[in-house]
C-alpha cells in the first residue's frame, strides 16, 4: 500500500509540473508575440517619421525655389490679397502658433490621401501663390491641402500615398529690423526682407489612440528664415563703384534718377584724395541731361555712406563678394548663360525676357529672366528684354536697345552706350574688379555715354529684378517640443 501511494503522489507532482511548464511557455509565447508587435510598431513609427521628416524638408526646398519673382507682401496676405484686420486676429497672427500651416492635432489625425475636410475653412494667409492681381485671386503654388508625395505600389499596379507636406509663410514680427521698416508691426507687411517659412510633413503610421482622437500619422515640423537681400537696390539711375573712374558724356543723353540722384558713386577707398563723384561731375558738365533728386545738373552724388548704412548695402563695398556673385552665384541662378564674347545684332539676339512696367509684376504675360554673359557683350539695334542682365566683360550697345530691370556690368567694368529710344528703365551698376589669385580689389570703372542714350531709375523695375535673385536662408531649426 505504501508503494501505491508513492506512485500516486508522483503522478500528481508530474501534472503540476506539466501545468507550470505549459503556463510558462504560454507566457513566453505571449511575451514574444507582444514583443514582435511592439517591434513592428516601433519600426513603422520610425519609418513613417523618416518619411515625414523628408517631406517637411522637401517643403522648405520647394518654397525656396518658389520665392523667385514673388512679392513678400503678396505671400503674407495669401492668394486672395486680403487679411482679417480685427484686433483678435492680428494678435493671433503675431503668435508662434500662427506660423504653423495646420494645427498639430490636425496633422496627427488627417487622411494624407485626401485632407480636404481637415483643412477646409482655414485662412489662406501665408499660402505660397502668384499673388492677387487686378481683381483675380492668385494661383496656389503650394495649396492649403499641401503636396502629396507618392511611390509605386510594391504589391501591384499604380501608386500609393506616402507623405504630404504643408507650407506657410509668416512675418518675423517684433524683431528690431522688422519694426524699423514696419513701425506698425503688421504681420501682413514685410519691413526688412525677412520672412519665416514653416514646413510640416506627415506620413502614415499604425493607428493608435491619442486621447479622444485616433492618431494616424507621424509628423515633423521645420522652420527656416529666408532673406531677400537688397544689395542691388540701386538708389540712383547709374551706380559707379570703385576708387576712381574714367567717364565721358556727350550728345542728348538722359540719365534720370527721379527723386534719387542721376548718378551715384560708391568710393571703395574713401580715405584717399581721389573723388569719383567729382571726376564724373567734371566730365559731364552743366546741362548734361543728368538729373534727379531736385539737384542742379549734373546730378551726381557720393552715396558711399548711404550704401554702408545697411548690412546688405555694405556687400557692394566687398570686392570678394562681388567676384563670387558674378562668377558663382550668377551662373547658378541664370536662365541663360553665355560663355565668351557675344555680339547680338538686331534680329539675332537671344530671349532676354519680357517685363511691362505699366502692369503689376505678377500680371499674366510678365516673363522677366536672368541673363548672364561671361565676356564682352555688344548689342546693336532694337533688342529688348526685362529682368536682370549681368555682364562680366565690357558692355556696349547702340540703337534702340530697351531693357526693364537691372543691368550689372561688374568684372571688366566698362559701359559704352550710344543708344536711342526708351533705353534702360530700372538701374545700372558698373564696377571694375581685379582678381589676383585669392585677392580681389576694385579697379578703375569706365563709363562712356553718348548719343540719345536713356537710363532712368525705376524703383518698381529694380525691385522686380531683385526678386529674381534667390533668397538666402539665414536660419534653420526643427520645432520639437516647446515652440519656440
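The values are calculated or read from the model by the stated rules, or taken from the named source; none is laboratory data. Everything numeric here is computed off the predicted structure, so don't read it as measured data. Don't worry about glycine lacking a Cβ; one is built from the backbone with ideal geometry, like all the others, and counts go over all protein chains shown.
Report the residue count in the range 239-255 for those that are over 15 Å from residue 304 (Cβ atoms) and buried (at least 24 other Cβ atoms within 10 Å of the Cβ).
Applying the first criterion (over 15 Å from residue 304 (Cβ atoms)) to the range 239-255 yields 246-255.
Those still in the list that are buried (at least 24 other Cβ atoms within 10 Å of the Cβ) too: 255.
Number satisfying all stated conditions: 1.
In the range 221-238, which residues are assigned to a loop (DSSP other than H, G, I, E, B), in contact with a strand residue (DSSP E or B) (Cβ under 7 Å, 6 or more places away or on another chain) and within 19 Å of residue 475 (Cβ to Cβ)?
Selection gives 229 alone.
Would you pick out the residues in the range 119-144 that are assigned to a loop (DSSP other than H, G, I, E, B), loosely packed, with under 15 Cβ neighbours inside 10 Å and either without any contact (Cβ under 8 Å) to a residue 24 or more places away in the chain or in contact with a helix residue (DSSP H, G or I) (Cβ under 8 Å, 6 or more places away or on another chain) (or both)?
Hits for the range 119-144 are 120, 121, 135.
I need every pair where a residue in the range 81-102 that is closer than 26 Å to residue 360 by Cβ has its Cβ under 7 Å from the Cβ of a residue that is part of a helix (DSSP H, G or I), sequence separation at least 6 or different chains.
So the pair list comes out as 83/77.
Against the condition over 22 Å from residue 248 (Cα atoms), in contact with a strand residue (DSSP E or B) (Cβ under 8 Å, 6 or more places away or on another chain) and in a strand (DSSP E or B), how does residue 426 come out, does it pass?
Answer is no for this residue.
Could you grab me the full set of residues in the range 245-259 that are more than 20 Å from residue 317 (Cα to Cα) and out of contact with any helix residue (DSSP H, G or I) (no Cβ under 7 Å at 6 or more places or on another chain)? Step through it out loud before you land on a result.
Filtering the range 245-259 down to residues more than 20 Å from residue 317 (Cα to Cα) leaves 247-259.
250, 251, 252, 253, 254, 255, 256, 257, 258, 259, listed by residue number.
Would you check if residue 409 is free of Cβ contacts under 8 Å to residues at least 24 places away in the same chain and out of contact with any helix residue (DSSP H, G or I) (no Cβ under 9 Å at 6 or more places or on another chain)?
So residue 409 fits the description; yes.
Is it fair to say residue 252 is in a loop (DSSP other than H, G, I, E, B), farther than 19 Å from residue 47 by Cα, free of Cβ contacts under 8 Å to residues at least 40 places away in the same chain and not assigned by TED's automatic domain parsing to the domain that holds residue 69?
On the way: in a loop (DSSP other than H, G, I, E, B): yes; farther than 19 Å from residue 47 by Cα: yes; free of Cβ contacts under 8 Å to residues at least 40 places away in the same chain: no; not assigned by TED's automatic domain parsing to the domain that holds residue 69: yes.
Taking the combined requirement at face value, the residue does not satisfy it.
Against the condition more than 17 Å from the chain's Cα centre (by Cα), at pLDDT 95 or above and closer than 30 Å to residue 260 by Cβ, how does residue 134 come out, does it pass? Don't jump to the end; show me each part of the working.
On the way: more than 17 Å from the chain's Cα centre (by Cα): yes; at pLDDT 95 or above: no; closer than 30 Å to residue 260 by Cβ: yes.
Criteria not met by residue 134.
May I ask you to verify whether residue 367 is free of Cβ contacts under 8 Å to residues at least 24 places away in the same chain and within 30 Å of residue 130 (Cβ to Cβ)? Working first, answer last.
On the way: free of Cβ contacts under 8 Å to residues at least 24 places away in the same chain: yes; within 30 Å of residue 130 (Cβ to Cβ): yes.
Taking the combined requirement at face value, the residue satisfies it.
Out of all the residues in the range 317-332, which are farther than 15 Å from residue 391 by Cβ and touching a strand residue (DSSP E or B) at 6+ places or on another chain (Cβ under 6 Å)?
Residues satisfying the conditions are 319, 320.
Being surrounded by 11 or more Cβ atoms within 10 Å (Cβ to Cβ) and farther than 16 Å from residue 215 by Cα is the filter; apply it to the range 35-50 and report the residue that is modelled with the lowest pLDDT.
This residue is 40.
When the residues of the range 462-484 are filtered to those that are touching a helix residue (DSSP H, G or I) at 6+ places or on another chain (Cβ under 7 Å) and under 17 Å from residue 372 (Cβ atoms), which remaining residue is surrounded by the most Cβ atoms within 10 Å (Cβ to Cβ)?
Only one residue tops the list, namely 469.
Count, please, the residues in the range 145-186 that happen to be farther than 24 Å from residue 62 by Cα and either assigned to a loop (DSSP other than H, G, I, E, B) or in contact with a helix residue (DSSP H, G or I) (Cβ under 6 Å, 6 or more places away or on another chain) (or both).
13
Criterion first (touching a helix residue (DSSP H, G or I) at 6+ places or on another chain (Cβ under 9 Å) and either within 21 Å of residue 228 (Cβ to Cβ) or outside the structural domain of residue 420 (by TED's automatic domain parsing) (or both)) does residue 306 satisfy it?
On the way: touching a helix residue (DSSP H, G or I) at 6+ places or on another chain (Cβ under 9 Å): yes; either within 21 Å of residue 228 (Cβ to Cβ) or outside the structural domain of residue 420 (by TED's automatic domain parsing) (or both): yes.
Against the criterion (touching a helix residue (DSSP H, G or I) at 6+ places or on another chain (Cβ under 9 Å) and either within 21 Å of residue 228 (Cβ to Cβ) or outside the structural domain of residue 420 (by TED's automatic domain parsing) (or both)), residue 306 qualifies.
Tally up the residues in the range 72-99 that are in a loop (DSSP other than H, G, I, E, B) and crowded, with 20+ Cβ neighbours inside 10 Å, please.
Residues meeting the conditions: 3.
Which condition number in (1) modelled with pLDDT under 95; (2) under 24 Å from residue 439 (Cα atoms) is the one that residue 287 fails?
So the condition that residue 287 fails would be (2).
Working carefully through the options 197, 189, find the one that is at pLDDT 95 or above, over 24 Å from residue 320 (Cα atoms) and outside any loop (DSSP other than H, G, I, E, B). Reasoning before the result, please.
Working: 189 fails: outside any loop (DSSP other than H, G, I, E, B).
Exactly one residue qualifies, and that residue is 197.
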